[in-house]
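One structure is given here, and the rest of the page talks about it.
Every number in this text was worked out from the coordinates using simple rules, so none of it is lab data. What you see is a predicted model, and the numbers here were worked out from it, not measured in a lab. Here the Cβ positions follow ideal geometry from the backbone for every residue, glycine too, while neighbour counts run over all protein chains shown.
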Amino acid sequence: MASYSQNVLKTDPEYIQASSDFGDVSYALPAIHAMFCIPVKEKGVVTHHWSFTEAAGSDLAFQICLTVGKCLALCAWDMLTNDSKYEAAVADWKLAKSE
């Protein structure tokens, strides 16, 4: 991500409330729930607000989505082609499941 001038946060400093069934998947296999920012004009706008919809349709948002998609694809490639990275990810997942 750094080569794409993107910062990666393990957690977001601002609390984001949302729900998803994706968490259920992560109990069955290692998973990543990536989130990324699409900038909006007003502060505090949530994803289902009309101004977020407008921002999500912008050229900037499209470029951000492409960058994030490329980075996620590269992460997947690492997991598929680098046994030690894959084994480390599985070990981390098993440890997290046991806690």
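List of remarks:
- The ranking of Trp50, Trp93 by Cβ neighbour count inside 10 Å, starting from the fewest, reads Trp50, Trp93.
- Value at 222 nm in deg cm²/dmol, rounded to 500, when DSSP H runs of n ≥ 4 in the chain each add -39,500 (n - 2.57): -17000 deg cm²/dmol
- Residues Thr11 and Gln63, FRET efficiency given R0 of 25 Å [Cβ-Cβ distance, rounded to 0.05]: 0.50
- With at most 16 neighbouring Cβ atoms within 10 Å, loop trypsin sites (Lys or Arg not before Pro) (DSSP) excluded, longest segment of the chain: 44-99
- Across the chain, C-alpha contacts under 8 Å between residues 6 or more apart give a mean separation that, scaled by the residue count, equals a relative contact order of 22 percent.
- About the centre of its Cα atoms, the chain shows a dipole size close to 140 debye [charges on the beta carbon of Lys, Arg (+1) and Asp, Glu (-1) only; nearest 20 debye].
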